[in-house]
Amino acid sequence: MRDFSQDHRWLSINTATVRKSKGVDLPLPEIIEACVRRGIRAISPWRDQVQAAGLANISRLVRTHGLELSGYCRGGMFPATDAAGLKAARDDNRRAVDEAAELGAPCLVLVVGGLPGALQGKPAHKDIALARSQVHDGIAELLEHARQARMPLAIEPLHPMYAADRACVNTLEQALDLCDQLDPGRTAGESARTPAPLGVALDIYHTWWDPKLQRQIERAGKERLLAFHVCDWLTPTVDLLNDRGMMGDGVIDIPRIRGWVEAQGFAGYSEVEIFSTGQWWQRPHEEVLDTCIARHRTVV
């Protein structure tokens, strides 16, 4: 396993982690500049932040500073109640693939969606099997466009507490089943000349509890492990969405899981992704980034 104690070469900041500074929205260009000043070499930006600042502007900043991306957040949200809704989701996902390619991302992260309307508190139905079928079909269609763009797709399984509203793919096993069904060859196909596999984004916040986790990481192997996200699970958790912990403040054995991932040959970034309305988003972003660096060296 790699030694992170001497530097933060393999630290990436998911830009949601410093989406707010002292409770105030922080523009993406300012996040980028703050990372660069600290020698943070990689980020994973969110689409809404990119759109607010302008895709061309962010692409320029990334290239000017020699930054890498560890992923692009996010595509997905495939299920809908009618043909028009399904088409709108698929069109938006194709745009997300194109944006990821423009930014030079190594993958587009997919949060696949759940019951239509549930995110707004008004689920249209209770048929989660139908939602999963629409996710399967949506990824299958998107994969063709992604192959042409040479952009890997990374399915992110979310904790079962999000099954209704955000993601009906809730375990690494489910995500890998989709990968094996839709991309059994683990290649981009004959139409593209470079591999563009369908794989997974492994976020330990969502998966740490799973008794099958180690076996499924081994099943994924290097080719399917496209992104690795870290934070911590606090006890008690006061908000199931926006109370993620800084690494080392919770109950997840982060080095053990990283060891399983790196044993498969993963040698990419550990991407810090923290949503924290009551704690870290209330602090100065400089403090948050400095803490991420320190914890990456000591507890990741």
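When A83, A105, A88, A124 are checked against the criterion of being small (G, A, S) and within 21 Å of the chain's Cα centre (by Cα), A105 stands alone in meeting it. Taking the stretch 33-57 on its own, how many of its residues are assigned to a helix (DSSP H, G or I) and either modelled with pLDDT under 95 or assigned by TED's automatic domain parsing to the domain that holds S12 (or both)? Residues that pass the stated criteria total 5. For the stretch 33-63, residues that are farther than 23 Å from D290 by Cα and either among the polar types (S, T, N, Q) or surrounded by fewer than 17 Cβ atoms within 10 Å (Cβ to Cβ) (or both) total 10. Among the residues of the stretch 95-138, just one is buried (at least 17 other Cβ atoms within 10 Å of the Cβ) and among the polar types (S, T, N, Q), namely Q134. Restricted to the stretch 161-278, the set of strands (runs of 3 or more DSSP E) holding at least 3 residues that are within 20 Å of M151 (Cβ to Cβ) comprises 198-203, 225-230. Within the stretch 1-30, restricting attention to residues that are part of a helix (DSSP H, G or I) and touching a Leu at 6+ places or on another chain (Cβ under 9 Å), which residue is surrounded by the fewest Cβ atoms within 10 Å (Cβ to Cβ)? Looking at residues that are part of a helix (DSSP H, G or I) and touching a Leu at 6+ places or on another chain (Cβ under 9 Å), I get P29. Only one of the numbered conditions (1) within 18 Å of A227 (Cβ to Cβ); (2) surrounded by fewer than 17 Cβ atoms within 10 Å (Cβ to Cβ) is violated by S70, and that is (2). A search for C-beta distances below 8 Å between a residue of the stretch 27-42 that is free of Cβ contacts under 8 Å to residues at least 60 places away in the same chain and any residue that is in a helix (DSSP H, G or I) and hydroxyl-bearing (S, T, Y), counting only pairs 6+ apart in sequence or on different chains, returns L28/T15. Does M151 count as of a type outside the set (V, I, T) and assigned to a helix (DSSP H, G or I)? Criteria not met by M151. Condition first: closer than 18 Å to L241 by Cα and in a helix (DSSP H, G or I). Now tell me which residues in the stretch 108-134 satisfy that. Those that are closer than 18 Å to L241 by Cα and in a helix (DSSP H, G or I): A118, L119, Q120.
For the stretch 85-95, the criterion of being in a helix (DSSP H, G or I), more than 17 Å from V169 (Cβ to Cβ), out of contact with any Phe, Trp or Tyr (no Cβ under 6 Å at 6 or more places or on another chain) and small (G, A, S) is met by at least one residue.
The values are calculated or read from the model by the stated rules, or taken from the named source; none is laboratory data. Note that the structure is a prediction, hence the values are computed from the model and not measured. Note that each Cβ is placed from the backbone with ideal geometry, even for glycine, and that neighbours are counted across all protein chains shown.
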